[in-house]
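Enquirer: Have a look at this one.
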Amino acid sequence: MPESKTQPVRVLIADDEADVRDAYRQILLENEVTQEIAGFRELRSRLFKKSPADTARERSLARGAVFEPVFVSGAEAAVSAVKDGLANNQPFAVVFLDMRMPPGPDGAWAATRIRELDPAVELVICTAYSDVDPLEIGGLAPPEDKLSYLQKPFHPHEIRQLTIALGSKWRAERRIVRLAYFDTLTGLPNREQSRNRLVGALQVAKEHERTLAVLYLDLDNFKRVNDTLGHAVGDQLLCVVADRLRGSLRSGNAETATANAIDTSRLGDLARLGGDEFMVLLPNLRAATDAGAVAERLIAALREPVQLARNSLVVTPSVGIAIYPRDGADAETLLRNADLAMYFAKRRSPGTHAYYDVAMNATALHRFTIEEQLRFALERNEFSLQYQPQFDVRTGNISGMEALLRWNSAQLGPVSPGEFIPVAEETGLIHAIGKWVLRSACLQARAWQVENLPFERIAVNVSGRQFALAEYPAEVAAVLAETGLPPSALELEITESVVMADEEWAEKAINQLKSIGVSLAIDDFGTGYSSFGRLRHFSVDRLKIDRSFVSSVTECNDDRAIASAIIAMSRSLRINVTAEGVENFPQLAFLQEQDCQDAQGFLLSRPLQAEAARELLKRVEAASAESRTQRLKAIMG
């Protein structure tokens, strides 16, 4: 952040002679006398009504550089003063060092130690002797362009102008450094500075055989804040996050200082890497488990609600942890592995932390291979659809077909939807893939209709990324118009978690889709946090009971009770119910007892290729005159 122009220049004077220190004091503190004279002149101008031009001229004469000098009498005291100034975030801009300060070390000794502490400070060697070799001292306290020499006796103007020039140079360099190595929004060290700090800390850890940790933090759903509330609010949130991380690290350091477990006193141990990513460096760990404790403290600090723009926001970070030397011996490896661990924490459960594990590399490589191959899967015609029948358990007829996406990669072979769908969503590829699925399913359903095959609807799963698009309803309408499928024959399935993530948008989007004429189903019902009271606000046509409840209805009384309640409540709200994952006859019998409308699962039929699904529909048509049991037997083969 920019420094105020009136902020005093901190100057350290080290000289063993009291008279010389007094001379410095008179020169550098004369501005106080000047201010008193300025006050007198101002009073005189008011009394004698001087012109504004004369008053302004006298004010400009009184205005000058402001110094904050500190005086010490020896080299060791000078080194201590510089060290204290840095610790209190009050560094000196200029240090005047007398070359000879008996009986202690000389100015060259002090210059060497001070340069090690503060590479940016301007050093001035003062001497009355001609035997001082600038080249020699320049080698001890480089660089030479930050080392000046002053011959005694000196003139007051020489001291003052030298201090002003060197102080201005120091400030200008400081501003440049802040722009190059610090984040302008939060004031934290940036990626380059944090890397330099990590490289230095690794060298120290290696020399002293210490354990070190890198924590990689990424805010969960930060993009949503920017998209919904604007980038200005997003910037405010990042500043709050930075302040909370600072405060958490400082308080944690105070708690663990006596145990000497974790050293997090330096602000450089916290950095903003870019966007919503932060890094914390723990340079001296007692044990690897301490890093997890710090991660939990940071997560807890950020979980507290933030009030911004009349909105109460709750932000959680996912944190990845890499430990030196176990997880890497250089900065790049540790950062990469901590980032990888963060990704796994976010995928597993946002708002948690994870330690890096070697197995993550293989998983990450597989994931990146999936992404690479997925980008060209549409062009290579590697996708296909299978169709799983949905049976009306009351009549034994097929009420619908659910279109299920399959991917047979030329390089990877068959890839599970559980693997490639999350990658498609993260990369945005799901938009093109989802549109292909919708169009292909509608074309197939229309072809079955043309053959007068007995089925009511085609069900298509909708990704949360697709559902969040304002233009998605128009996209559905365009596909229906292109394929000629009546809207009433299309059912879109949206997971419960997607609906509950943004109920206001979900209600609006569902109403828009309903206005087209399609029906809506809530998939995986029972796994989220919705309720029938909240569902009344959504114009949904069907609930699909999650397979986790259906699979245990004959064994677990609780799941049996939940499934019965869902069916009964849905009936009272005139919402249809489909039970997923029916795999045995006792489960089917239970659903029939509860008067559940539809069921699907391996007991009734596995997902089928289009031609096999067509043959199944023909068998259903042929068995239309049979009883429910006979029809089910004929259908199931």
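The values are calculated or read from the model by the stated rules, or taken from the named source; none is laboratory data. All values derive from a computational prediction rather than experimental measurement. Using ideal geometry, Cβ is built from the backbone for each residue, glycine included, and neighbour counts are taken over all protein chains shown. Ligands, DNA and RNA are excluded from the accessible area calculation, which covers all protein heavy atoms including side chains. Shrake-Rupley method; radii C 1.70, N 1.55, O 1.52, S 1.80 Å.
Enquirer: If I ignore ligands, DNA and RNA and count only protein heavy atoms, how much of Arg547 is accessible to a 1.4 Å probe, in Å² to the nearest 10?
Expert: The accessible area of Arg547 comes to roughly 120 Å².
Enquirer: Once neighbouring chains are kept in place and the probe is 1.4 Å, which whole percent of the accessible area of the chain is contributed by carbon and sulfur? Could you put the intermediate results ahead of the total?
Expert: Numbers: 16240 of 30960 Å².
After summing per-atom areas, the C and S share lands at 52 percent.
Enquirer: When the Cα atoms of the range 484-609 are enclosed in a convex hull and the volume is divided per residue, what value in Å³ results?
Expert: Working: hull volume 14.2 nm³, N = 126.
Considering the Cα atoms of the range 484-609, their hull volume per residue is 112 Å³.
Enquirer: List the pairs from Lys435/Lys508; Lys346/Lys544; Lys83/Lys169 whose alpha-carbon separation is above 23 Å, in the order I gave them.
Expert: Lys346/Lys544
Enquirer: Under 5 Å between amide H atoms, partner at least 5 residues away or on a different chain: which partners does Val9 have, H built in plane at 1.01 Å?
Expert: Under 5 Å from the amide H of Val9 lie the amide H atoms of Val66, Phe67, Glu68, each far enough along the sequence or on another chain.
Enquirer: How much of Glu615 can a 1.4 Å solvent probe reach, expressed as accessible area in Å² and rounded to 10?
Expert: 80 Å²
Enquirer: Same structure again: Note down the nm distance, to one decimal, between modelled labels 7 Å out along Cα→Cβ at Thr554 and at Glu136.
Expert: Label-label distance for Thr554 and Glu136, simple model: 9.7 nm.
Enquirer: On to the next question. Report relative contact order for the chain in percent, whole number only (criteria: Cα-Cα under 8 Å, sequence separation at least 6). Please report the intermediate quantities before stating the final value.
Expert: Numbers: 1026 pairs, mean separation 51.7, N = 637.
Over the chain, the number comes to 8 percent.
Enquirer: Starting at 0 and stepping by 10 Å, how many percent of the alpha carbon pairs of the range 460-516 end up in each bin?
Expert: 22, 59, 18, 1
Enquirer: Pairs of Cα atoms under 8 Å, at least six residues apart: use those to get the relative contact order of the range 160-255, whole percent. The partial results should precede the final answer.
Expert: On the way: 29 pairs, mean separation 17.4, N = 96.
Averaging sequence separation for qualifying contacts and normalising by length gives 18 percent for the range 160-255.
Enquirer: Sort 586-593, 438-445 for me by packing, meaning the mean count of neighbouring Cβ atoms within 10 Å per residue, highest on top. Don't jump to the answer; show the numbers that get you there.
Expert: Details: 586-593: 16.8, 438-445: 21.4.
My ranking of the peptides, most packed first, is 438-445, 586-593.
Enquirer: No solvent, one uniform scatterer per C-alpha: report log10 I(q)/I(0) for the range 268-397 via the Debye equation at q = 0.10, 0.18, 0.19, 0.21 1/Å, two decimals.
Expert: After summing over all Cα pairs, the log10 values are -0.51, -1.03, -1.10, -1.26.
Enquirer: What order do Val358, Val620 take when sorted by accessible area (1.4 Å probe), most exposed first? Kindly include the intermediate steps, with their values, before the conclusion.
Expert: Working: Val358 110, Val620 5 Å².
Of Val358, Val620, the descending order of accessible area is Val358, Val620.
Enquirer: Using a 1.4 angstrom probe on the protein heavy atoms only, line up Phe376, Phe92 by accessible area, largest first.
Expert: Details: Phe376 90, Phe92 10 Å².
Correct descending sequence by accessible area is Phe376, Phe92.
Enquirer: A further question on this structure: List, largest first, the extents of the alpha carbons of the range 397-485 along their principal axes, each in whole Å.
Expert: Computed over the Cα atoms, the extents are 38, 33, 22 Å.
Enquirer: Which whole DSSP H helices in the chain pass both tests: a Cα extent of 27 Å or more along the axis and a mean Kyte-Doolittle value no lower than 0.0? Let's see the in-between values first.
Expert: Details: long enough: 156-181 (37 Å, -0.43); 231-256 (37 Å, -0.08); 430-450 (29 Å, 0.41).
The answer, listed by residue number, is 430-450.
Enquirer: Counting C-alpha atoms alone, how compact is the range 180-228: give Rg to one decimal and Dmax as a whole number, in angstrom.
Expert: 15.3, 49
Enquirer: When you count, for each residue, the other Cβ atoms within 10 Å and take the mean per peptide, how do 95-106, 17-28 rank with the highest first? Present the calculation step by step, with values, prior to reporting the outcome.
Expert: Working: 95-106: 19.2, 17-28: 15.2.
Ranking, from highest mean packing down: 95-106, 17-28.
Enquirer: From the convex hull of the Cα coordinates of the chain, what is the mean projected area in square nanometres?
Expert: Values: hull surface 171.2 nm².
With every direction weighted equally, the projected area is 42.8 nm².
Enquirer: Please list the non-local residues whose amide H lies under 5 Å from the amide H of Leu313, H modeled 1.01 Å from N, same-chain partners needing a gap of 5 or more.
Expert: For Leu313, the qualifying residues are Val306, Gln307, Leu308.
Enquirer: Over 10 Å intervals from 0, what percent of Cα-Cα pairs in the range 73-170 sits in each interval?
Expert: 16, 50, 32, 2
Enquirer: Grab the Cα-Cα distance for Arg446 and Glu475, subtract it from 0.36 nm times how many residues apart they are, and report the gain in nm with one decimal. If you can, show how the numbers build up before the last one.
Expert: Working: separation 29, 0.36 × 29 = 10.44 nm, distance 1.78 nm.
Net length gain for the segment: 8.7 nm.
Enquirer: Show that you can apply the helix-only estimate: for the chain, add -39,500 (n - 2.57) for every DSSP H stretch of four or more residues, divide by all residues, and state [θ] at 222 nm to the nearest 500. The partial results should precede the final answer.
Expert: On the way: 25 runs with 321 residues, N = 637.
It comes out at -16000 deg cm²/dmol, rounded to the nearest 500.
Enquirer: Quick one: grab the alpha carbon gyration tensor of the range 335-412, order the square roots of its eigenvalues as a ≥ b ≥ c, and give me rounded if a/c is under 1.5, else prolate or oblate depending on whether a/b is larger than b/c. Show your work: numbers first, answer last.
Expert: Numbers: a/c = 4.35, a/b = 1.80, b/c = 2.42.
It comes out oblate by the Cα gyration axes.
Enquirer: Taking Rh as the Kirkwood radius computed over C-alpha pairs, what is the Stokes-Einstein D of the range 152-206 at 37 °C in a medium of viscosity 0.692 mPa s, expressed in µm² per second? Kindly include the intermediate steps, with their values, before the conclusion.
Expert: On the way: Rh = 13.9 Å.
Using the Kirkwood radius from Cα pairs, D works out to 236 µm²/s.
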